[in-house]
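Just so it is clear, none of the values below were taken in a lab; they were calculated from the coordinates. Keep in mind the model is a prediction, meaning the values are calculated, not measured. Positions of Cβ are generated from backbone atoms using ideal geometry, with glycine treated the same way; all protein chains shown enter the neighbour counts.
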Amino acid sequence: MKKVLSSVLLVGLLFSMAAAKSNAKKEAKAPAATAPKAQDFDGWVSDEKCGAKIDAECSKKCQAAGAKMVFVNPERAVIPVSNQETLKNFAGQHVNIKGKLENGILTVDSVKPAAK
């Protein structure tokens, strides 16, 4: 009886070790997520209340009242911005942004007024 029980335990241990090794190989082969690359964006700075309605005075008032700044692209899509402080002096302005778009949120690396 002891031999049978120890044999069953040994076989179970061998199977669990083989399964763990197989799973480790699968995880090692999984491709690593790549970080988003910096891109150039052309559009306007607005606030979350005004959205795609670009109005410099309104955006400045809303910003002063605590509204978050957003980026509005030429297709009028409103894109949230992760680092708000980079846009604080550009409310209502047409801008060129260099940044990374990840999961629908823009992280601004640099911003400058668009050429007229």
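Out of K88, K100, one residue alone is of a type in the set (K, R) and within 11 Å of the chain's Cα centre (by Cα). It is K100.
I need the full set of residues from region 91-116 which are assigned to a loop (DSSP other than H, G, I, E, B) and under 16 Å from V70 (Cβ atoms), in order please. Talk me through it step by step, then tell me what you get.
Of region 91-116, the ones assigned to a loop (DSSP other than H, G, I, E, B) are 91-93, 103-104, 114-116.
Scanning region 91-116 gives A91, G92, Q93, N103, G104.
Can you tell me which residue within region 51-106, out of those that are among the basic types (K, R) and without any contact (Cβ under 8 Å) to a residue 12 or more places away in the chain, is nearest to A35 (Cα to Cα)? Give the derivation first.
Looking only at region 51-106, we keep the residues that are among the basic types (K, R), and these are 53, 60-61, 68, 76, 88, 98, 100.
Imposing the further condition that a residue be without any contact (Cβ under 8 Å) to a residue 12 or more places away in the chain reduces the set to 53, 61.
Numbers: K53: 32, K61: 35 Å.
Checked region 51-106; the qualifying residue nearest to A35 (Cα to Cα) is K53.
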